[in-house]
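Heads up, the thing below is written out as structure tokens.
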Amino acid sequence: MKKILFVLSNDNIGGPQKSLIALLDKIDYSIFEVDLYTIDSGGHLNSYFNENVCVLKSSPLILSYTLPSKNILKHLACMISNLKYNAAKDYILSIFNNKILKKNMSYQRQEFWRKHKEELSSFSKEYDIAFGILGMSTYLITDLVNSSKKYHWVRSDSRILKRNQKIEAEYFRKLNGSLSVSDECTKVFVQMYPFMKEKTYTFLNHIPTSFYSKLEHDDTLMKKNDETQINILTVTRLDPLKGIEMAIDACEVLIRKGYNIKWYVLGGGKFKTEIDKLISDKNLKMNFVLLGFQLNTLSFIKQSDIFVHPSRTEGKSNAVDEAKYIGKPIVVTNYDTVGDQIEHGNTGLICDMNGVAIATEIEKLINDKRLSEQLSKNCKGQLDGSEVNEFFLGL
């Protein structure tokens, strides 16, 4: 029986985490023994992983060595209580470099880990395959895990991570390979790290349908007030990279044209205060509604009329995959990797990155029911993904 270890940076809600839940549900546990280690555990998804997976206890010291930006005093205390005085000193220096000197925190984390990794205890169990998913997880499997094969998982456009490529390359050279969520992400990754070209494989996301089936859903949150109301949905974190302000601009354009629009956004994030102000400034509080974090995104997608993803950058959007699976007409902005998911005029509409362009494509869907129905038909039920067990057996 092959032993597999997945190392995840955190188990908060997010596309990579939901994809992992779906993946774990597809594994044949008669041929694989699977462990899951989460560096920063205790998030929303902790209780939803497949019951056959052994969830390992997380180490507070390992978490501290990834230099979290929150609860700094707690992590300093952890280092000091474990007699890691030099590490504590360097942690303080890293935070100073970031907060005061404005140095890249990802660089600080990479340099700290490389310097202090030998102070951490290795995992006692031996594995056949180990996967690093997000954050410092690939560094962890490289330095602390005894595994016959080790893989990095490319979950986004690697250019936006702003990591020290020299240190990244040092770690990637020690791996057996990488998996990537899309062809475009693979292309970008191997351009940055050409030595990985022959050992990077595209392995598409799965949709956690069994996970969603277990969740409750409040269908009153997007209930229509009348038959003319058009429910538009966006699922994303509130972050400048995700283009929410373009969605607000598009909503304003459509309202001015007389459409009865209710635009809902699922997700939280650091940009919420700015987004709230923009909504208020444009007098759109009744039309552009932030619903915050919602676990059962698939049910909200089912209630929507049009799905819009106004992002500036993506790896491979789980939300877009879910909208395709449900069969909703989709409008997306022309970010670099969009072609991996949407073919313009066939499975959705792709537009420029501005509110007017987004509004124009939405208006096409509102006024052309045949187009809207055809786009929905072309992608409904699509469920991207490789055959999991055969793929892992072949690694």
Worksheet item: Residue check: is ILE350 in a helix (DSSP H, G or I), closer than 26 Å to GLY258 by Cβ and of a type outside the set (Ser, Thr, Tyr)?
Response: no
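On the given criteria, is LYS117 farther than 28 Å from PHE172 by Cα and either basic (Lys, Arg) or touching a Gly at 6+ places or on another chain (Cβ under 8 Å) (or both)? Give the derivation first.
Numbers: farther than 28 Å from PHE172 by Cα: no; either basic (Lys, Arg) or touching a Gly at 6+ places or on another chain (Cβ under 8 Å) (or both): yes.
No: the conditions fail for LYS117.
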Practice prompt. Mind listing just one residue for me: the one in the stretch 154-171 that is open to solvent by 10 Å² or more (accessible area, probe 1.4 Å) and not charged (D, E, K, R) and, of those, nearest to ASP183 (Cα to Cα)?
Written response: SER156
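Restricting to the stretch 330-366, name every residue that is closer than 21 Å to SER158 by Cα, without any contact (Cβ under 8 Å) to a residue 24 or more places away in the chain and out of contact with any Asp or Glu (no Cβ under 7 Å at 6 or more places or on another chain).
So in the stretch 330-366, the residues closer than 21 Å to SER158 by Cα come out as 332-342, 353.
Going one step further and asking which of them are without any contact (Cβ under 8 Å) to a residue 24 or more places away in the chain, we end up with 334, 342.
Correct list: ILE342 only.
For the stretch 205-222, which positions are touching a residue at least 12 places away in the same chain (Cβ under 8 Å) and open to solvent by 50 Å² or more (accessible area, probe 1.4 Å)?
THR209, LYS214, GLU216, HIS217, ASP219, LEU221
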Practice prompt. Would you confirm whether any residue within the stretch 78-86 is aromatic (Phe, Trp, Tyr) and either more than 27 Å from the chain's Cα centre (by Cα) or open to solvent by less than 40 Å² (accessible area, probe 1.4 Å) (or both)?
Written response: yes
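Pick out the one residue from LEU5, LEU76 that is out of contact with any Cys (no Cβ under 7 Å at 6 or more places or on another chain) and closer than 30 Å to PHE96 by Cα. Even if it seems obvious, please write down each step before you answer.
Values: LEU5 fails: closer than 30 Å to PHE96 by Cα.
The unique qualifying residue is LEU76.
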Worksheet, complete the sentence: When ASP305 is run through (1) over 23 Å from LYS282 (Cα atoms); (2) crowded, with 23+ Cβ neighbours inside 10 Å; (3) out of contact with any Cys (no Cβ under 7 Å at 6 or more places or on another chain); (4) not aromatic (Phe, Trp, Tyr), the failure sits at (2)
Worksheet entry | Of the criteria (1) among the polar types (S, T, N, Q); (2) in contact (Cβ under 8 Å) with a residue 12 or more places away in the chain; (3) assigned to a loop (DSSP other than H, G, I, E, B); (4) out of contact with any Asp or Glu (no Cβ under 8 Å at 6 or more places or on another chain), which one SER47 fails | (2)
Worksheet item: Can you name the residue in the stretch 211-237 that is under 19 Å from the mean Cα position of the chain (by Cα) and of a type outside the set (A, V, I, L, M) and, of all such residues, is farthest from LEU393 (Cα to Cα)?
Response: THR234
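Being under 21 Å from SER147 (Cα atoms) and surrounded by 16 or more Cβ atoms within 10 Å (Cβ to Cβ) is the requirement here; does GLU33 meet it? Let's see the steps before the verdict.
Numbers: under 21 Å from SER147 (Cα atoms): yes; surrounded by 16 or more Cβ atoms within 10 Å (Cβ to Cβ): yes.
Spelling it out, GLU33 is indeed under 21 Å from SER147 (Cα atoms) and surrounded by 16 or more Cβ atoms within 10 Å (Cβ to Cβ).
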Worksheet item: For residues in the stretch 327-359 being in contact with a Ser or Thr (Cβ under 9 Å, 6 or more places away or on another chain) and acidic (Asp, Glu), which is surrounded by the most Cβ atoms within 10 Å (Cβ to Cβ)?
Response: ASP340
Discussion item. Tell me yes or no: at least one residue of the stretch 3-20 is open to solvent by 40 Å² or more (accessible area, probe 1.4 Å) and over 27 Å from LYS270 (Cα atoms).
Written reply: yes
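Among the candidates LYS377, LYS324, LYS316, single out the residue that is in a helix (DSSP H, G or I), in contact (Cβ under 8 Å) with a residue 12 or more places away in the chain and crowded, with 23+ Cβ neighbours inside 10 Å. Before the answer, list the steps.
On the way: LYS377 fails: crowded, with 23+ Cβ neighbours inside 10 Å; LYS316 fails: in a helix (DSSP H, G or I).
Exactly one of LYS377, LYS324, LYS316 is in a helix (DSSP H, G or I), in contact (Cβ under 8 Å) with a residue 12 or more places away in the chain and crowded, with 23+ Cβ neighbours inside 10 Å, namely LYS324.
Could you pull out the residue among LYS149, LYS57, LYS89 that is surrounded by fewer than 16 Cβ atoms within 10 Å (Cβ to Cβ), out of contact with any Lys or Arg (no Cβ under 9 Å at 6 or more places or on another chain) and in contact (Cβ under 8 Å) with a residue 40 or more places away in the chain? Break it down into steps so the answer makes sense when it comes.
Working: LYS57 fails: in contact (Cβ under 8 Å) with a residue 40 or more places away in the chain; LYS89 fails: in contact (Cβ under 8 Å) with a residue 40 or more places away in the chain.
Exactly one residue qualifies, and that residue is LYS149.
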Discussion item. One residue is enough: does the stretch 187-199 have a residue meeting the conditions open to solvent by 50 Å² or more (accessible area, probe 1.4 Å) and aromatic (Phe, Trp, Tyr)?
Written reply: yes
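The values are calculated or read from the model by the stated rules, or taken from the named source; none is laboratory data. Please read these numbers as outputs of a predicted model, since none were measured by experiment. In this analysis, Cβ positions are derived from the backbone assuming ideal geometry, glycine residues included, and neighbour counts consider all displayed protein chains. The area values use the complete protein model at the heavy-atom level, side chains included, leaving out ligands, DNA and RNA. Shrake-Rupley method; radii C 1.70, N 1.55, O 1.52, S 1.80 Å.
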